[in-house]
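Single-structure report; data block below.
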């Protein structure tokens, strides 16, 4: 059973490491956010007395890259479904739960790695974490966030027929999750609807935890962040496994 | 109930198998059996129900009604036992193109729990058999269509199955590669006694390769027997003529359905 999970995990990792163009391509967006927004809004943010914007933004951009990579890893199942590889796994004498676990762990590892790369990218862009002792906490929260959204991607992919639905998922789910998470702006003093939406958005807790660990600014606090992230991850893992086990090809 | 003796001499037994998708009946009450060591062909046009039948036999689809036995196991009840006992080459390519030939084999070996010490030797043996051993460390995406097919056949055999299913194994391949692939499969059938169940819409393949052919059309088996028997029965010179007189139509490449055309386009673009 562990070998099955391991080989599925390894496959995801090998695919990631080998797609160098994908890795480099996926760094363009975070870099743009860091430079254009970080430096563009920096002076206004400073004048409003909210401190260094790049410091505030970098954890949000790290969370963003984890979100995108994780969702995409989950959604890759559609790709495998369309291009046949999934059948090879599904006729094997292996339980679907193990397949789902292996894939999800693989996707989450890849998303966490991507987050770490963006962390270094943001340092290159001028970001300075204020407290490095909390780095392990930041890593833990990054990994949890990665796991959560990979499981979510798997659940969604089990429901979708082909890649055409993917664009809709990006526009109506992933983008709102990113923009309404407090990744780009502080959540205090905002209109109620936005605060409530952000509160219901699991990414908000990931952003908050990473930001808390790296620069010491928090909205919800570590306990809440970890509790919400773990709870929602468990929920998506169960839903994802169920939907994946029901999938017909 | 199926007789025990019969169970032992047969790899596959199917009784009154039906699959409906909503109002559409894809497979309509078919029965057939395949003896151990036989090469058996399902011959029929696109949409005749060939792939649906294979999907049911290989645990990917639940039948609406009917009974099946694959190597003595029920695909609905003993899923894992059935899955361990067959190898399959799907109609659509099912390799991971970002992995090497060796890694694709290794992945399969681990999923089927082939013990480590046997696995390496067996991979080498099979890759040599399909003449891909010297390309073992190349990414599959750089392989030609024929090489991918050969690799899939090698992979399907890795866990020493008793039956090998091949769904349109030669579609979209050039005649030379097709001959090549059938040579491997006939060798394999002769030396290891493995049962081969393949579907095709190429008349000449069914005629040349199969011990027995079932002609399937619109979800029903229209006729069954050795190519010779089918020809005699319909007083035809070739299997193509026999097919024509049994179903009242011809199968031709250019009549391939839109899905097949898509598949071929995809293959052309190297996906």
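Rule-based calculations on the coordinates, nothing more; no lab input. All figures in this text were calculated on a predicted structure; none of them were measured in a lab. Every residue, glycine among them, receives a Cβ derived from its backbone with ideal geometry; neighbour counts consider all protein chains shown.
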Just grab the label-to-label distance for residue A:195 and residue A:120, each label 7 Å out from Cα along the Cβ direction, in nm (one decimal). 4.0
Helix A:202-215 vs. chain A, principal-axis angle (Cα, 0 to 90°, nearest 10): 50
Gaussian network model of chain A, Cα within-10 Å springs - most flexible of A:211, A:18, A:96: A:18
With the Cα gyration tensor of the stretch B:1-151 in hand, give its eigenvalues times 5 under a square root as the equivalent ellipsoid semi-axes, listed largest first in whole angstrom. 32, 19, 14
Give, as ranges by residue number, the residues of the stretch A:114-147 whose backbone N falls under 16 Å from the point 7 Å along Cα→Cβ of residue A:39. A:121-128
Working from the pairwise distances between different alpha carbons, so that the mean of 1/r is found and then inverted, what is the stretch A:137-220's Kirkwood radius in Å? 13.9
Please find the FRET efficiency linking residue A:3 to residue A:238, where r is the Cβ-Cβ separation and R0 is fixed at 25 Å, and quote it to the nearest 0.05. 0.55
Helix A:222-246 versus the longest principal axis of chain A: what is the Cα-based angle in degrees, 0 to 90, to the nearest 10? 20
Over the stretch B:73-213, relative contact order from alpha-carbon pairs under 8 Å, at least 6 apart, %: 30
How large is the Kirkwood hydrodynamic radius of chain B, in angstrom, based on all distinct alpha carbon pairs? 19.2
Given a Förster distance of 41 Å, the FRET efficiency implied by the Cβ-Cβ spacing of residue B:237 and residue B:74, rounded to the nearest 0.05, works out to 0.50
Alpha-carbon centroid distance for the pair the stretch B:67-110 / the stretch A:12-65, whole angstrom: 43
With the 8 Å Cα cutoff and a minimum separation of six or more residues, chain B has a relative contact order in percent of 25
So what's the back-of-envelope 222 nm ellipticity for chain A, counting only DSSP H runs of four-plus at -39500 (n - 2.57) apiece and dividing by all residues, rounded to 500? -25000 deg cm²/dmol
Using a Förster radius of 51 Å, what is the FRET efficiency between residue A:224 and residue B:113 based on their Cβ-Cβ separation? Nearest 0.05, please. 0.75
Packing-based exposure ordering (other Cβ within 10 Å, fewest first) of A:26, B:238: B:238, A:26
Rg [Å, one decimal], Dmax [Å, integer] - the stretch A:2-246, C-alpha atoms: 18.0, 63
Relative contact order [Cα under 8 Å, 6+ residues apart], the stretch A:1-88, whole percent: 19
In which sequence would B:249, B:136, A:47 go, from the one with the fewest C-beta neighbours within 10 Å to the one with the most? A:47, B:249, B:136
Inter-part gap, Cα centre of the stretch B:123-182 to Cα centre of the stretch A:173-215, in whole angstrom, is 51
Rounded to the nearest 500, what is chain B's calculated 222 nm mean residue ellipticity when only DSSP H runs of at least 4 contribute -39500 (n - 2.57) each, over all residues? -12000 deg cm²/dmol
Rg(Cα)/(2.2 N^0.38 Å) for the stretch B:138-204, N = residue count: 1.11
What nm value, rounded to one decimal, do you get for the distance between residue A:19 and residue A:162 when each label is placed 7 Å out toward the C-beta? 2.0
Ordered by fewest other Cβ atoms within 10 Å, a rough proxy for footprinting exposure, A:1, B:68 read A:1, B:68
Specify the angular offset, from 0 to 90 degrees and rounded to the nearest 10, of the alpha carbon long axis of helix B:175-192 from the longest principal axis of the alpha carbons in chain B. 90
I need the fraction of alpha carbon pairs in the protein assembly as shown separated by more than 46 Å, rounded to a whole percent. 25
Which distance in nm do the two modelled labels at residue A:27 and residue A:133 give, with both placed 7 Å along the Cα-to-Cβ direction? 3.2
Cα gyration tensor shape of the stretch A:184-233, rounded if a/c is under 1.5, else prolate or oblate by comparing a/b with b/c: oblate
Inter-chain shielding metric for B:75-88, i.e. average beta-carbon neighbours from other chains within 10 angstrom, reads 2
Restricting to bridges with both residues inside the protein assembly as shown, how much of the DSSP beta-bridge set is antiparallel, in percent to the nearest 5? 55
Restricted to chain B, the DSSP antiparallel beta bridge percent, nearest 5, is 55
Using a cut-off of under 13 Å, list every residue of the stretch B:33-55 whose amide N is near the label point 7 Å from the Cα of residue B:15 along the Cα-to-beta-carbon line. B:33
Note on the stretch A:1-65: alpha-carbon gyration tensor, axes a ≥ b ≥ c; rule is a/c under 1.5 for rounded, else prolate if a/b larger than b/c, else oblate; result oblate
